[in-house]
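Report on the following structure.
The values are calculated or read from the model by the stated rules, or taken from the named source; none is laboratory data. Everything numeric in this text was worked out from a predicted model, so none of it was measured. Cβ atoms come from the backbone with ideal geometry, glycine included; neighbour counts cover every protein chain shown. For accessibility, only protein heavy atoms count, side chains too; no ligands or nucleic acids. Shrake-Rupley method; radii C 1.70, N 1.55, O 1.52, S 1.80 Å.
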Amino acid sequence: MPTRRAVLAAALTVLAAAGCSGTGSGENQADQQTIVVSTFPFGVKEFEQAVVTPFTEKTGIKVELDTGSNADRLSKLKLAKGEPEADVVLISDYFAALGQKDGLFQKVDVPNMKELAPFATEGAYDGPAYTHQLNGIIYNTTKLSQEQAADWGLFADAANKGKVALPDISVTAGQLMISGVGETYGKGPYDIDTSLTTLAGWAPNVLQFYTSTTEVTNLLAQGEIVAADALSGFATKLVTSGEPIAWTAPAKGRYMATNRAMIPKGARNQQGAATFIDYMLSAEAQSATAKVVGDLPTNPKAEIPADIAEVTGEAAKDPVAAGFKTLDPAQLVDTRTTWVERFTREVAGK
(Lines give C-alpha, C1' and ligand atoms only; values in the text may rest on other atoms or scores of the structure.)
Protein backbone atom coordinates (compact mmCIF):
# COMPACT_ATOMS: atom_id res chain seq x y z
CA MET A 1 0.00 0.00 0.00
CA PRO A 2 1.44 3.44 -0.85
CA THR A 3 1.72 5.94 2.01
CA ARG A 4 -0.50 9.04 2.20
CA ARG A 5 2.60 11.12 1.44
CA ALA A 6 3.25 9.12 -1.75
CA VAL A 7 -0.35 9.46 -2.88
CA LEU A 8 -0.29 13.22 -2.21
CA ALA A 9 2.97 13.60 -4.10
CA ALA A 10 1.59 11.73 -7.09
CA ALA A 11 -1.55 13.86 -7.07
CA LEU A 12 0.49 17.06 -6.96
CA THR A 13 2.59 15.83 -9.87
CA VAL A 14 -0.53 15.23 -11.96
CA LEU A 15 -1.95 18.64 -11.08
CA ALA A 16 1.34 20.32 -11.91
CA ALA A 17 1.51 18.61 -15.27
CA ALA A 18 -2.07 19.58 -16.03
CA GLY A 19 -1.49 23.19 -15.09
CA CYS A 20 1.96 23.71 -16.53
CA SER A 21 0.58 25.38 -19.63
CA GLY A 22 -1.88 27.68 -17.88
CA THR A 23 -5.07 27.85 -19.92
CA GLY A 24 -3.67 25.29 -22.34
CA SER A 25 -5.22 22.40 -20.42
CA GLY A 26 -8.66 23.88 -20.92
CA GLU A 27 -7.93 24.32 -24.61
CA ASN A 28 -6.75 20.72 -24.81
CA GLN A 29 -9.96 19.49 -23.21
CA ALA A 30 -11.92 21.52 -25.74
CA ASP A 31 -9.83 20.02 -28.55
CA GLN A 32 -10.68 16.53 -27.35
CA GLN A 33 -14.40 17.33 -27.63
CA THR A 34 -14.10 18.50 -31.25
CA ILE A 35 -12.74 16.92 -34.41
CA VAL A 36 -12.20 18.40 -37.86
CA VAL A 37 -13.28 16.15 -40.72
CA SER A 38 -11.98 16.91 -44.21
CA THR A 39 -14.52 15.71 -46.75
CA PHE A 40 -16.02 16.14 -50.21
CA PRO A 41 -17.92 19.34 -51.13
CA PHE A 42 -21.08 17.57 -52.30
CA GLY A 43 -23.81 16.03 -50.14
CA VAL A 44 -22.62 17.89 -47.05
CA LYS A 45 -26.07 18.45 -45.54
CA GLU A 46 -26.99 14.83 -46.15
CA PHE A 47 -23.73 13.67 -44.57
CA GLU A 48 -24.39 15.81 -41.51
CA GLN A 49 -27.86 14.33 -41.21
CA ALA A 50 -26.77 10.72 -41.70
CA VAL A 51 -23.51 10.65 -39.74
CA VAL A 52 -22.43 13.84 -37.97
CA THR A 53 -25.55 14.62 -35.93
CA PRO A 54 -26.13 11.09 -34.57
CA PHE A 55 -22.40 10.73 -33.86
CA THR A 56 -22.36 13.90 -31.76
CA GLU A 57 -25.52 12.82 -29.96
CA LYS A 58 -23.94 9.48 -29.07
CA THR A 59 -20.46 10.67 -28.11
CA GLY A 60 -20.68 14.37 -27.28
CA ILE A 61 -17.86 15.00 -29.75
CA LYS A 62 -18.55 17.94 -32.06
CA VAL A 63 -17.59 17.73 -35.73
CA GLU A 64 -16.36 20.60 -37.88
CA LEU A 65 -16.37 19.93 -41.62
CA ASP A 66 -13.69 21.19 -44.01
CA THR A 67 -14.70 20.59 -47.63
CA GLY A 68 -12.92 20.63 -50.97
CA SER A 69 -11.79 18.50 -53.88
CA ASN A 70 -9.53 15.50 -53.34
CA ALA A 71 -6.57 17.32 -54.88
CA ASP A 72 -7.06 20.58 -52.97
CA ARG A 73 -7.42 18.88 -49.61
CA LEU A 74 -4.42 16.67 -50.20
CA SER A 75 -2.33 19.74 -51.09
CA LYS A 76 -3.50 21.42 -47.90
CA LEU A 77 -2.38 18.40 -45.92
CA LYS A 78 1.07 18.51 -47.53
CA LEU A 79 1.47 22.20 -46.76
CA ALA A 80 0.60 21.56 -43.10
CA LYS A 81 3.95 19.74 -42.70
CA GLY A 82 2.88 17.39 -39.94
CA GLU A 83 0.51 19.79 -38.18
CA PRO A 84 -2.77 19.19 -40.01
CA GLU A 85 -6.01 20.98 -39.25
CA ALA A 86 -7.98 17.83 -40.02
CA ASP A 87 -8.26 14.89 -37.65
CA VAL A 88 -10.05 12.71 -40.23
CA VAL A 89 -9.67 12.84 -44.01
CA LEU A 90 -12.37 11.23 -46.17
CA ILE A 91 -10.82 10.82 -49.60
CA SER A 92 -10.95 8.66 -52.72
CA ASP A 93 -8.62 5.68 -52.90
CA TYR A 94 -6.21 7.02 -55.50
CA PHE A 95 -5.61 10.25 -53.58
CA ALA A 96 -5.30 8.25 -50.37
CA ALA A 97 -2.51 6.30 -52.06
CA LEU A 98 -0.81 9.54 -53.14
CA GLY A 99 -0.91 10.78 -49.55
CA GLN A 100 0.50 7.52 -48.27
CA LYS A 101 3.41 7.77 -50.67
CA ASP A 102 4.24 11.15 -49.11
CA GLY A 103 3.90 9.72 -45.60
CA LEU A 104 0.88 11.85 -44.69
CA PHE A 105 -1.27 9.18 -43.04
CA GLN A 106 -1.05 6.68 -40.21
CA LYS A 107 -2.59 3.24 -39.82
CA VAL A 108 -6.21 3.14 -38.71
CA ASP A 109 -7.28 0.27 -36.47
CA VAL A 110 -10.79 0.43 -35.03
CA PRO A 111 -13.16 -2.36 -33.90
CA ASN A 112 -15.76 -2.06 -36.68
CA MET A 113 -13.13 -2.75 -39.35
CA LYS A 114 -13.72 -6.43 -38.50
CA GLU A 115 -17.30 -6.06 -39.73
CA LEU A 116 -16.38 -4.86 -43.22
CA ALA A 117 -16.15 -6.73 -46.49
CA PRO A 118 -12.55 -7.89 -47.13
CA PHE A 119 -11.97 -5.45 -50.01
CA ALA A 120 -12.57 -2.56 -47.59
CA THR A 121 -9.60 -3.43 -45.39
CA GLU A 122 -7.04 -4.62 -47.92
CA GLY A 123 -3.49 -3.91 -46.83
CA ALA A 124 -2.67 -1.46 -49.62
CA TYR A 125 -4.26 1.40 -47.68
CA ASP A 126 -3.67 2.89 -44.24
CA GLY A 127 -7.38 3.47 -43.73
CA PRO A 128 -10.55 1.44 -44.39
CA ALA A 129 -13.05 1.99 -47.18
CA TYR A 130 -16.28 3.42 -45.81
CA THR A 131 -18.11 3.50 -49.16
CA HIS A 132 -17.61 2.21 -52.69
CA GLN A 133 -18.83 2.97 -56.21
CA LEU A 134 -19.18 0.65 -59.18
CA ASN A 135 -18.11 1.62 -62.68
CA GLY A 136 -20.43 0.76 -65.53
CA ILE A 137 -22.61 2.11 -68.31
CA ILE A 138 -25.54 4.48 -67.85
CA TYR A 139 -27.83 4.38 -70.88
CA ASN A 140 -31.14 5.31 -72.48
CA THR A 141 -33.40 2.25 -72.37
CA THR A 142 -35.38 3.35 -75.43
CA LYS A 143 -32.21 3.34 -77.54
CA LEU A 144 -30.19 0.44 -76.15
CA SER A 145 -30.87 -2.92 -74.56
CA GLN A 146 -29.07 -3.99 -71.40
CA GLU A 147 -27.00 -6.44 -73.45
CA GLN A 148 -25.94 -3.71 -75.87
CA ALA A 149 -25.07 -1.32 -73.03
CA ALA A 150 -22.95 -3.93 -71.26
CA ASP A 151 -20.74 -4.34 -74.34
CA TRP A 152 -17.79 -1.92 -74.51
CA GLY A 153 -18.12 -2.20 -78.26
CA LEU A 154 -21.05 0.24 -78.23
CA PHE A 155 -18.50 3.07 -78.03
CA ALA A 156 -16.83 1.82 -81.20
CA ASP A 157 -20.11 1.44 -83.13
CA ALA A 158 -20.42 4.04 -85.92
CA ALA A 159 -24.18 4.07 -85.30
CA ASN A 160 -23.48 5.82 -82.01
CA LYS A 161 -21.19 8.52 -83.44
CA GLY A 162 -21.64 11.73 -81.48
CA LYS A 163 -24.10 10.03 -79.13
CA VAL A 164 -21.83 8.72 -76.36
CA ALA A 165 -19.71 10.23 -73.59
CA LEU A 166 -16.71 8.96 -71.68
CA PRO A 167 -14.99 10.19 -68.51
CA ASP A 168 -11.76 12.12 -68.61
CA ILE A 169 -8.90 10.41 -66.79
CA SER A 170 -9.05 13.17 -64.17
CA VAL A 171 -12.31 11.85 -62.68
CA THR A 172 -12.69 8.63 -60.69
CA ALA A 173 -14.53 6.77 -63.44
CA GLY A 174 -11.74 7.60 -65.89
CA GLN A 175 -9.13 5.25 -64.46
CA LEU A 176 -11.73 2.53 -63.88
CA MET A 177 -12.74 2.81 -67.54
CA ILE A 178 -9.11 2.66 -68.71
CA SER A 179 -8.52 -0.48 -66.65
CA GLY A 180 -11.77 -2.07 -67.82
CA VAL A 181 -10.82 -1.50 -71.46
CA GLY A 182 -7.29 -2.76 -70.79
CA GLU A 183 -8.64 -5.99 -69.34
CA THR A 184 -11.21 -6.47 -72.08
CA TYR A 185 -9.00 -5.80 -75.08
CA GLY A 186 -5.48 -6.20 -73.74
CA LYS A 187 -3.39 -8.02 -71.19
CA GLY A 188 -5.02 -6.62 -68.05
CA PRO A 189 -6.07 -3.52 -66.12
CA TYR A 190 -2.64 -1.86 -66.36
CA ASP A 191 -2.14 -2.44 -70.09
CA ILE A 192 -2.12 1.26 -70.82
CA ASP A 193 -0.86 0.95 -74.39
CA THR A 194 -3.75 -1.25 -75.54
CA SER A 195 -6.29 0.74 -73.55
CA LEU A 196 -5.26 4.13 -74.95
CA THR A 197 -5.04 2.76 -78.50
CA THR A 198 -8.56 1.36 -78.15
CA LEU A 199 -9.96 4.54 -76.62
CA ALA A 200 -8.30 6.64 -79.32
CA GLY A 201 -10.17 4.57 -81.89
CA TRP A 202 -13.43 5.39 -80.11
CA ALA A 203 -12.66 9.10 -79.72
CA PRO A 204 -14.30 10.23 -83.01
CA ASN A 205 -17.59 8.81 -81.74
CA VAL A 206 -17.38 10.54 -78.36
CA LEU A 207 -19.38 13.74 -78.00
CA GLN A 208 -17.63 14.68 -74.78
CA PHE A 209 -14.95 13.50 -72.37
CA TYR A 210 -16.63 14.78 -69.24
CA THR A 211 -14.99 16.10 -66.09
CA SER A 212 -18.07 16.33 -63.85
CA THR A 213 -21.08 14.11 -63.26
CA THR A 214 -23.41 17.05 -63.90
CA GLU A 215 -22.18 17.19 -67.48
CA VAL A 216 -22.93 13.56 -68.26
CA THR A 217 -26.29 13.40 -66.47
CA ASN A 218 -27.44 16.55 -68.29
CA LEU A 219 -26.38 15.15 -71.66
CA LEU A 220 -28.29 11.95 -70.97
CA ALA A 221 -31.40 13.64 -69.54
CA GLN A 222 -31.56 16.02 -72.52
CA GLY A 223 -31.28 13.16 -75.00
CA GLU A 224 -27.98 14.31 -76.48
CA ILE A 225 -26.32 10.98 -75.79
CA VAL A 226 -27.55 7.40 -75.52
CA ALA A 227 -24.86 6.07 -73.19
CA ALA A 228 -21.85 6.97 -71.06
CA ASP A 229 -19.37 5.25 -68.82
CA ALA A 230 -20.25 6.39 -65.29
CA LEU A 231 -20.26 5.43 -61.62
CA SER A 232 -23.39 3.72 -60.35
CA GLY A 233 -24.16 6.35 -57.72
CA PHE A 234 -24.84 9.01 -60.31
CA ALA A 235 -27.50 6.91 -62.00
CA THR A 236 -29.77 6.47 -58.98
CA LYS A 237 -31.71 9.75 -59.17
CA LEU A 238 -32.17 9.51 -62.94
CA VAL A 239 -33.36 5.91 -62.77
CA THR A 240 -35.78 6.45 -59.89
CA SER A 241 -37.13 9.71 -61.35
CA GLY A 242 -38.94 7.72 -64.01
CA GLU A 243 -36.66 8.73 -66.87
CA PRO A 244 -35.97 5.95 -69.44
CA ILE A 245 -32.50 5.50 -67.94
CA ALA A 246 -30.74 2.45 -66.53
CA TRP A 247 -27.25 1.46 -65.41
CA THR A 248 -25.47 -1.81 -66.03
CA ALA A 249 -22.15 -3.38 -65.22
CA PRO A 250 -19.97 -4.08 -68.26
CA ALA A 251 -19.86 -7.69 -69.37
CA LYS A 252 -16.10 -7.67 -68.77
CA GLY A 253 -13.66 -5.31 -67.10
CA ARG A 254 -15.58 -4.55 -63.90
CA TYR A 255 -13.83 -2.22 -61.47
CA MET A 256 -14.89 -0.27 -58.43
CA ALA A 257 -13.61 2.76 -56.56
CA THR A 258 -13.52 3.17 -52.79
CA ASN A 259 -13.57 6.17 -50.50
CA ARG A 260 -11.17 5.87 -47.58
CA ALA A 261 -11.29 7.13 -44.00
CA MET A 262 -7.78 8.27 -43.07
CA ILE A 263 -6.12 9.79 -40.01
CA PRO A 264 -3.30 12.23 -40.84
CA LYS A 265 -0.01 11.96 -39.02
CA GLY A 266 0.08 14.67 -36.36
CA ALA A 267 -3.73 14.83 -35.97
CA ARG A 268 -4.56 16.72 -32.78
CA ASN A 269 -7.44 14.51 -31.68
CA GLN A 270 -6.51 11.01 -32.72
CA GLN A 271 -8.81 9.33 -30.21
CA GLY A 272 -11.78 11.38 -31.43
CA ALA A 273 -10.79 10.61 -35.01
CA ALA A 274 -10.73 6.87 -34.32
CA THR A 275 -14.09 7.06 -32.56
CA PHE A 276 -15.61 8.88 -35.54
CA ILE A 277 -14.26 6.41 -38.10
CA ASP A 278 -15.44 3.48 -36.00
CA TYR A 279 -18.95 4.96 -35.98
CA MET A 280 -18.85 5.59 -39.74
CA LEU A 281 -18.13 1.90 -40.30
CA SER A 282 -21.06 0.69 -38.18
CA ALA A 283 -24.08 -0.87 -39.87
CA GLU A 284 -26.22 1.91 -38.37
CA ALA A 285 -24.20 4.75 -39.89
CA GLN A 286 -23.66 2.99 -43.21
CA SER A 287 -27.38 2.24 -43.57
CA ALA A 288 -28.17 5.91 -42.93
CA THR A 289 -25.49 7.05 -45.37
CA ALA A 290 -26.77 4.74 -48.10
CA LYS A 291 -30.32 6.00 -47.57
CA VAL A 292 -29.59 9.72 -47.46
CA VAL A 293 -26.34 10.17 -49.41
CA GLY A 294 -26.68 7.26 -51.84
CA ASP A 295 -23.22 5.77 -51.26
CA LEU A 296 -22.77 2.01 -51.36
CA PRO A 297 -21.81 0.60 -47.93
CA THR A 298 -18.80 -1.57 -47.15
CA ASN A 299 -20.41 -3.14 -44.08
CA PRO A 300 -22.41 -6.18 -45.32
CA LYS A 301 -24.86 -5.75 -42.44
CA ALA A 302 -25.94 -2.31 -43.68
CA GLU A 303 -29.34 -2.01 -45.34
CA ILE A 304 -29.41 -1.32 -49.07
CA PRO A 305 -32.15 1.18 -50.03
CA ALA A 306 -34.62 0.01 -52.67
CA ASP A 307 -33.59 2.69 -55.19
CA ILE A 308 -29.92 1.66 -55.04
CA ALA A 309 -30.84 -2.01 -55.29
CA GLU A 310 -32.93 -1.18 -58.36
CA VAL A 311 -29.88 0.31 -60.08
CA THR A 312 -27.11 -2.07 -59.08
CA GLY A 313 -28.86 -5.27 -58.00
CA GLU A 314 -26.89 -7.79 -55.98
CA ALA A 315 -23.62 -6.02 -56.79
CA ALA A 316 -24.48 -3.38 -54.19
CA LYS A 317 -24.38 -5.97 -51.41
CA ASP A 318 -21.46 -8.04 -52.64
CA PRO A 319 -19.53 -6.36 -55.49
CA VAL A 320 -16.75 -8.95 -55.45
CA ALA A 321 -19.22 -11.80 -56.02
CA ALA A 322 -20.59 -9.75 -58.93
CA GLY A 323 -17.13 -9.64 -60.50
CA PHE A 324 -15.97 -6.18 -59.42
CA LYS A 325 -12.36 -5.63 -58.39
CA THR A 326 -10.33 -2.82 -56.89
CA LEU A 327 -7.14 -1.50 -58.48
CA ASP A 328 -3.70 -1.78 -56.93
CA PRO A 329 -2.51 1.74 -56.07
CA ALA A 330 1.09 0.63 -56.38
CA GLN A 331 0.45 0.18 -60.11
CA LEU A 332 -1.01 3.65 -60.53
CA VAL A 333 0.69 6.22 -58.31
CA ASP A 334 4.10 6.31 -60.01
CA THR A 335 2.62 6.21 -63.51
CA ARG A 336 -0.17 8.74 -62.98
CA THR A 337 1.52 11.81 -64.47
CA THR A 338 2.61 9.95 -67.59
CA TRP A 339 -0.79 8.33 -68.07
CA VAL A 340 -2.63 11.64 -67.70
CA GLU A 341 -0.37 13.27 -70.28
CA ARG A 342 -0.80 10.36 -72.67
CA PHE A 343 -4.57 10.26 -72.28
CA THR A 344 -4.83 13.98 -72.98
CA ARG A 345 -2.59 13.73 -76.02
CA GLU A 346 -3.59 10.37 -77.49
CA VAL A 347 -7.31 10.16 -76.62
CA ALA A 348 -9.08 13.34 -75.48
CA GLY A 349 -7.07 15.47 -77.92
CA LYS A 350 -8.14 13.48 -80.95
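Quick notes
- Region 173-265: C-alpha gyration tensor shape, a/c 1.5 cut-off, then a/b vs b/c: oblate
- Note on region 213-320: Cα Rg divided by 2.2 N^0.38 Å, N the number of residues, gives 1.27.
- Relative to the current alpha-carbon distance between E147 and T197, full extension at 0.36 nm per residue lengthens the span by 15.6 nm.
- For the chain, the 222 nm mean residue ellipticity estimated from helices alone, with every DSSP H stretch of n ≥ 4 adding -39500 (n - 2.57) and the total spread over all residues, rounds to -11000 deg cm²/dmol.
- The Cα atoms of the chain give a gyration tensor whose axes a ≥ b ≥ c have a/c of 1.5 or more with a/b greater than b/c, which makes the shape prolate.
- Computed over all pairs of different Cα atoms, the Kirkwood value for the hydrodynamic radius of region 141-183 is 11.5 Å.
- Under Karplus coefficients 6.51, -1.76 and 1.60, residue-wise ³J(HN,Hα) of region 154-168 in Hz, glycine/proline x: 4, 6, 8, 5, 4, 5, 9, 4, x, 10, 10, 10, 9, x, 6
- When the square roots of the Cα gyration tensor eigenvalues are ordered a ≥ b ≥ c, the ratio a/c for region 261-341 is 1.5 or more and a/b does not exceed b/c, which makes its shape oblate.
- Å² per residue, accessible surface of region 77-128 at 1.4 Å: 47 Å²
- For the chain, the dipole from Cβ point charges (+1 on Lys and Arg, -1 on Asp and Glu) about the Cα centre works out to 620 debye, to the nearest 20.
- Based on protein heavy atoms only, region 209-330 ends up with 39 Å² per residue of surface accessible to a 1.4 Å probe.
- P(r) tail, region 147-305: Cα-Cα pairs separated by more than 27 Å, 36% of all pairs.
- Extension gain, E48 back to T214 (0.36 nm per residue minus Cα-Cα distance, nm): 57.5 nm
- DSSP beta bridge pairing in the chain, given as percent antiparallel to the nearest 5: 60 percent
- Taking 0.36 nm per residue of separation and subtracting the current Cα-Cα distance, fully stretching the chain between E57 and T335 would add 95.7 nm.
- Ligands, DNA and RNA left out, the 1.4 Å accessible surface of the chain is 52% carbon and sulfur atoms.
- The equivalent ellipsoid that matches the C-alpha gyration tensor of region 131-222 spans semi-axes of 20, 16, 13 angstrom, in descending order.
- Across region 239-253, computed HN-Hα scalar couplings (Karplus, 6.51 cos²θ - 1.76 cosθ + 1.60, θ = phi - 60°) run 5, 7, 7, x, 5, x, 10, 9, 10, 9, 6, x, 4, 9, x Hz from first to last residue, x flagging Gly and Pro.
- Toward the positive end of the charge dipole of the chain, with +1 on the Cβ of Lys and Arg and -1 on the Cβ of Asp and Glu, the farthest Cα among L74, F105, I245 is that of F105.
- Net charge in the neighbourhood of A165 (other residues with Cβ under 15 Å of its Cβ; Lys, Arg +1, Asp, Glu -1) is -1.
- Database remark: amide H of Q106 closer than 5 angstrom to the amide H of I263, K265 (H placed geometrically; neighbours at sequence offset of 5 or more, or on other chains; Pro and chain starts carry no H).
- Listed residues Q32, G60, Y210: farthest to the positive end of the dipole of the chain (Cβ charges): Q32
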